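The values are calculated or read from the model by the stated rules, or taken from the named source; none is laboratory data. Quick caveat, the model's predicted, so the values are computed rather than measured. Virtual Cβ from ideal backbone geometry, glycine too; neighbours counted across all protein chains shown. Just the protein is used for accessible areas: all its heavy atoms, side chains included, with ligands, DNA and RNA removed. Shrake-Rupley method; radii C 1.70, N 1.55, O 1.52, S 1.80 Å.
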Amino acid sequence: MSKFSIFHIEGGLGKHVAATAVAKAIKSNHPDRELIIVCAWPEIFINLPFVDRVYRISNTPYFY
């Protein structure tokens, strides 16, 4: 069974850019978990090597 870390980010573009450092720290502390980002600006997180999946806030059918 897979374990996940879900990081939900709200706010503007600046908060999303700052959250990339937090996402990297989450993945460093929990390397065995898949890191999923839910945010308003998914373009920022798409090609980061430590992020496994990215979803836009309004597009989260997997969670319900």
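Structural remarks
- Cα-based Rg and Dmax for the chain, where Dmax is the largest Cα-Cα distance (Å): 11.1, 35
- Remark: the range 46-52, residue by residue, has Karplus-estimated 3J(HN,Hα) of 4, 9, 6, x, 8, 9, 8 Hz, where x stands for each Gly or Pro and the curve is 6.51 cos²θ - 1.76 cosθ + 1.60 at θ = phi - 60°.
- In the chain, trypsin sites (Lys or Arg not before Pro) in a DSSP loop with at most 10 other beta-carbon atoms within 10 Å: K3
- Restricting the range 1-62 to GluC sites (Glu not before Pro) that sit in a DSSP loop and have at most 14 other Cβ atoms within 10 Å of their own Cβ leaves E10.
- Computed helical MRE - 222 nm, the chain, DSSP H runs ≥ 4 contributing -39500 (n - 2.57), nearest 500: -9000 deg cm²/dmol
- This model, with +1 at the C-beta of Lys and Arg and -1 at the C-beta of Asp and Glu, gives the chain a dipole about its Cα centre of some 60 debye.
- Probe 1.4 Å, protein heavy atoms only - accessible area per residue of the chain in square angstrom: 69 Å²
- The portion of the accessible surface of the chain made up by carbon and sulfur, rounded to a whole percent, is 57 (1.4 Å probe; DNA, RNA and ligands excluded).
- Beta bridges per DSSP, both residues in the chain: antiparallel share near 0 percent.
- Each Lys or Arg adds one and each Asp or Glu takes one away; over the other residues whose Cβ falls under 12 Å from the Cβ of A21, this sums to +3.
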